[in-house]
Number of protein chains: 2
Amino acid sequence: MSEKFIHFRKFLAERGYKTTRQRDLIARTLFQSGRHISVEELYQHVRKQDPRIGLVTVYRTLKLLMEAGLVEERHFGEGHTLYEEGLREHHDHLICTHCGKIVEFENHIIEGLQEEVAKKYGFIILSHKHELYGLCETCQPSTPQGRPHENLTTLPVSSA
Amino acid sequence: MSEKFIHFRKFLAERGYKTTRQRDLIARTLFQSGRHISVEELYQHVRKQDPRIGLVTVYRTLKLLMEAGLVEERHFGEGHTLYEEGLREHHDHLICTHCGKIVEFENHIIEGLQEEVAKKYGFIILSHKHELYGLCETCQPSTPQGRPHENLTTLPVSSA
DNA sequence: CTTGAAATTGAAATTCAGTTTCATCTGAGG
DNA sequence: CCTCAGATGAAACTGAATTTCAATTTCAAG
Ligand SMILES: [Mn+2]
Ligand SMILES: [Mn+2]
Ligand SMILES: [Zn+2]
Ligand SMILES: [Zn+2]
């Protein structure tokens, strides 16, 4: 947790940017949060500690953290933008469309096949997005049914 | 082309909706367009034939076409919403981040492995999104360089 | 310390894609 | 033809994100 913090400060210094109370608080709060947090959630957590911080500053700080490589932005289906720690190993996601649960996975065979597909069409892959949308164990009809996630009135059902 | 048109009219009738000059034009124009068209492009094409048609009507008609299963909405990276013909075989996409070229692919081995991943975590997949972002042959550094796509100032570079 | 230029902040305004509202118009069944 | 539910389009609205700008803060130099 501290390392990332130091990394961020170093990044700011290198670019002639300043270390501020707000940036410290936002970064610290983000690093302490669990994976896959939304701007609004982060903003609320930050506000509890300092109610005068503006949402704009959260957006701006997230952008800086992304430039620093410490954070990655994910777009899980329309309008569900979440942030997670960067500098981690690559992985893709399983997303429950009912309760919002997100499970990470990585599969080297799939990654390899992707490269083959790209080669076949003469592409060089720079990044990719592989998301599996469906029902997690607790949200499947047969089982004791999980509760729908608060903020997931309309969850993505991207490609058919 | 005509079959889809008939299908749409039938769909409208079944639901007590009306066949209108606007819906006919929008549907016809869409069916004639190439794959992966944006609302704005479609709107412009439609306008050339009837300048008094509103953008709202294009949005509304696309929604109807989606309900009819004739069109699918795709979200290629933030804010790049495109529409393509529905009722086709499932496929995924390769997207050139430089010129915007889109190539479709399907790989049954990948699809199978996806299912395995889902099973491993107890998920039932309802849909998925698999997009490979990178450079197409003509946009690769070595080759005679393609021109950047007009509307692609900022193209998606989703997961790292 | 003190100072001041440059960077940062947050409120408010702005943008952008998409949706809703509503008065007016029109398709299609009788 | 009539009628009226459904459709249209202009304008207003929404929500996420960005820009603007005056006031504030950082930090390096003195
Ligand atoms: Mn993740
Ligand atoms: Mn396609
Ligand atoms: Zn679930
Ligand atoms: Zn290209």
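Nothing in this text is a laboratory measurement; each read-out follows from the coordinates by a stated rule. Note that this is a predicted model, so its numbers are computed, not measured. Cβ coordinates were reconstructed from backbone atoms using ideal geometry, including for glycine residues, and neighbour counts include every protein chain displayed.
Odds and ends about this structure:
- 20 Å Cα-Cα threshold exceeded, pairs from A:119/B:101; A:101/B:63; A:63/B:129; A:10/A:48; B:4/B:129: A:101/B:63; A:63/B:129; A:10/A:48; B:4/B:129
- Here the alpha carbons of chain A define both size measures, Rg and Dmax, at 18.3, 57 Å.
- CD proxy at 222 nm, helix term only [per DSSP H run n ≥ 4: -39500 (n - 2.57); per residue of the protein assembly as shown; nearest 500]: -12000 deg cm²/dmol
- Degrees separating the helix B:108-120 axis from the principal Cα axis of chain B, which is the longest one: 80
- Here B:99, A:96, B:136 are placed in order of increasing Cβ neighbour count within 10 Å, fewest first, which gives B:99, B:136, A:96.
- All alpha carbon pair distances within the stretch A:3-85 were sorted into 5 Å bins beginning at 0; the resulting P(r) in whole percents reads 3, 15, 29, 26, 18, 8, 2, 0.
- Mean per-residue shielding of peptide A:103-115 is 4, counting Cβ atoms of other chains within 10 Å of each Cβ.
- For residue A:87, the distances from its label point to the matching points in the remaining copies are 5.3 nm, ordered from shortest, with each point set 7 Å beyond Cα toward Cβ.
- The stretch B:3-85, relative contact order [Cα under 8 Å, separation at least 6], %: 31
- Summary for residue A:141: label point 7 Å along Cα→Cβ; distances to the equivalent points in the other copies, ascending, 5.3 nm.
- The mean number of partner chain beta-carbon atoms within 10 angstrom of a residue's beta-carbon across peptide B:70-80 is 2.
- Using alpha carbons only: equivalent-ellipsoid semi-axes of the protein assembly as shown, gyration tensor based, whole Å: 37, 24, 23
- Taking GluC sites (Glu not before Pro) as exposed when their DSSP state is a loop state and no more than 16 other Cβ atoms lie within 10 Å, the longest site-free interval of chain A runs over A:1-77.
- Across the identical copies, how the residue B:111 labels are spaced - nm, sorted shortest first, 7 Å along Cα→Cβ: 2.5
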